[in-house]
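Q: Structure below; questions to follow.
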Amino acid sequence: MKHLMSPLDFSVEELDHILDLANDIENHPEKYAHACAGKKLATLFYEPSTRTRLSFEAAMLNLGGSVLGFSSADSSSAAKGESVSDTIRVISCYADICAMRHPKEGAPMVAASKSSIPVINAGDGGHQHPTQTLTDLLTIRSLKGRLNNLTIGLCGDLKFGRTVHSLIHALVRYPDIRFVLISPEELRIPDYIKENVLDKDHISYKEVERMEDALPNLDLLYMTRVQKERFFNEEDYVRMKDFYILDKKKMELAPSDMLVLHPLPRVNEISVEVDEDPRAVYFKQAQFGVYVRMALILTLLEIEC
Ligand code: CP
């Protein structure tokens, strides 16, 4: 039985297989419409979510399976003090696979250690968000045609942004990847990622504060929201929240084939006027999230079609 805690739980070959399967699902949805008949997915969300929870549920329903779960800690027995370990032992009696989001880093890992069904980390604190990474990889490969030889600007809250952390871990395994890390001083990428991933793998990267300086040389711009929920005080959040706003004028500085991705939700960091730009692909990205989660469910349940 396999769990998914981090993008590194899959080899590059296994990732490629999941992305191929997701493309096949996109092109031939009818082939997969009953693949999970009789199977149940539990969504255990201790933190708010729109895309991840609902795309997991849509994925399982598209596969002919069923879904159950809770969407906040308050509506589960966590509110009465039940541990994640006890919860997963119970959920293992009710479902065949589960996706868990939790504010505490490592909580899905604790669940996996006590589970008799596959556990998928649907985001743990400021740590990892591997299924967003699968979504991002599928989006990039489908729309850019490759996962190698890319200059990628990561912009915004690189300190607390778990989607960025997971994406870096995944992309460094492909050849000729270069990062431009665009953030204010206070929200720079954590040292452990610089030292253990970027420096260790001799990945080319530079840190800049001005988005305008980076834009002309990017293949992809990955925008992120400043993570309000991870700040210790409101004052720091208010100071940082509108540090970057991508608008039409800034898009004029970017190459004509640069793609703009965002895991969403967006707050102010991308002006709505950018949505009409064909380079803005963040809503397509959300659609790719359904295909790739369908592929992941099939893979972890070892169902072949
Ligand atoms: N991208 C993402 O994780 O969105 P949600 O928080 O809405 O799930």
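Q: Of Lys2/Lys114; Lys104/Lys228; Lys104/Lys206; Lys159/Lys194, which pairs sit farther than 18 Å apart, going by alpha carbon to alpha carbon? Could the numbers behind the result be given before it?
A: Numbers: Lys2/Lys114 13 Å; Lys104/Lys228 15 Å; Lys104/Lys206 30 Å; Lys159/Lys194 11 Å.
With Cα atoms farther than 18 Å apart: Lys104/Lys206.
Q: What is the percent carbon and sulfur in the accessible area of the chain, measuring with a 1.4 Å probe over the protein chains and ignoring ligands?
A: Values: 6480 of 13260 Å².
Taking all protein chains in place, the chain shows 49 percent carbon and sulfur surface.
Q: Something else about it: Tally Lys and Arg at +1 and Asp and Glu at -1 over the other residues with C-beta under 10 Å from the C-beta of Leu264: what net charge comes out?
A: Working: positive: Arg51, Arg225, Arg266; negative: none.
In short, +3.
Q: Now for a different question. Could you pull the Cα extents of the stretch 130-285 along its three principal axes, largest to smallest, in whole Å?
A: Projected onto its principal axes, the Cα set of the stretch 130-285 covers 41, 38, 29 Å.
Q: While we're on this one: Name the most mobile residue of Ile182, Ile25, Ile193, meaning the one with the largest mean-square fluctuation, in a Gaussian network model of the chain with Cα contacts below 10 Å.
A: Fluctuation is largest for Ile193.
Q: Compute the length gained on full extension between Glu273 and Lys114: take 0.36 nm times their separation in residues and subtract their Cα-Cα distance, giving the result in nm to one decimal. Kindly include the intermediate steps, with their values, before the conclusion.
A: Working: separation 159, 0.36 × 159 = 57.24 nm, distance 4.73 nm.
Between Glu273 and Lys114, full extension yields an extra 52.5 nm.
Q: Here's a follow-up. Say R0 is 30 Å: what FRET efficiency, to the nearest 0.05, do Asp242 and Leu8 get from their beta-carbon distance?
A: Details: r = 34 Å, r/R0 = 1.13.
Step by step, r from the Cβ atoms, then E = 0.35.
Q: Looking at the chain as a GNM with Cα springs under 10 Å, which of Val290, Val260, Val110 has the largest mean-square fluctuation?
A: Val110
Q: Turning to a different aspect of this structure: Return one whole number: the accessible area per residue of the chain in Å², for a 1.4 Å probe.
A: On the way: 13260 Å² over 305 residues.
Dividing the accessible area of the chain by its residue count gives 43 Å².
Q: Taking 0.36 nm per residue of separation and subtracting the Cα-Cα distance, what length does fully extending Leu68 through Lys200 add?
A: Working: separation 132, 0.36 × 132 = 47.52 nm, distance 4.17 nm.
Net length gain for the segment: 43.3 nm.
Q: Expressed as a rounded percentage, what relative contact order does the stretch 65-118 have, with Cα pairs under 8 Å and six or more residues apart? Kindly include the intermediate steps, with their values, before the conclusion.
A: Numbers: 29 pairs, mean separation 19.7, N = 54.
Result for the stretch 65-118 is 37 percent.
Q: Below 8 Å, C-alpha to C-alpha, sequence gap of six or more: please give me the relative contact order for the chain in percent. Each step should come with its number before you reach the end.
A: Details: 575 pairs, mean separation 61.2, N = 305.
Relative contact order comes out at 20 percent.
Q: Note down the nm distance, to one decimal, between modelled labels 7 Å out along Cα→Cβ at Val90 and at Glu234.
A: 3.5 nm
Q: About the Cα centre of the stretch 130-285, what is the dipole size in debye to 20, counting +1 per Lys and Arg Cβ and -1 per Asp and Glu Cβ, all else neutral? Don't skip to the end; give the middle numbers.
A: Details: 23 positive and 27 negative charges, 110 e Å.
Dipole about the Cα centre, nearest 20: 520 debye.
Q: Still on this structure, please answer the following. Taking Lys248 as the anchor, which aspartates and glutamates have their alpha carbon closer than 17 Å to its alpha carbon, excluding any fewer than eight residues away along the same chain?
A: Correct list for Lys248: Glu212, Asp213, Asp257, Glu269, Glu273, Asp275, Glu276, Asp277.
Q: When the chain is treated as a GNM, springs tying every alpha-carbon pair under 10 Å, which of Arg146, Arg188, Arg101 comes out with the largest mean-square fluctuation?
A: So, out of Arg146, Arg188, Arg101, the one fluctuating most is Arg146.
The values are calculated or read from the model by the stated rules, or taken from the named source; none is laboratory data. Because the structure is predicted, anything quoted here is derived from the model rather than measured. So basically every Cβ, Gly included, is an ideal-geometry build from the backbone, and we count neighbours across all protein chains shown. These area figures cover heavy atoms from the full protein model, side chains too; ligands, DNA and RNA do not enter into them. Shrake-Rupley method; radii C 1.70, N 1.55, O 1.52, S 1.80 Å.
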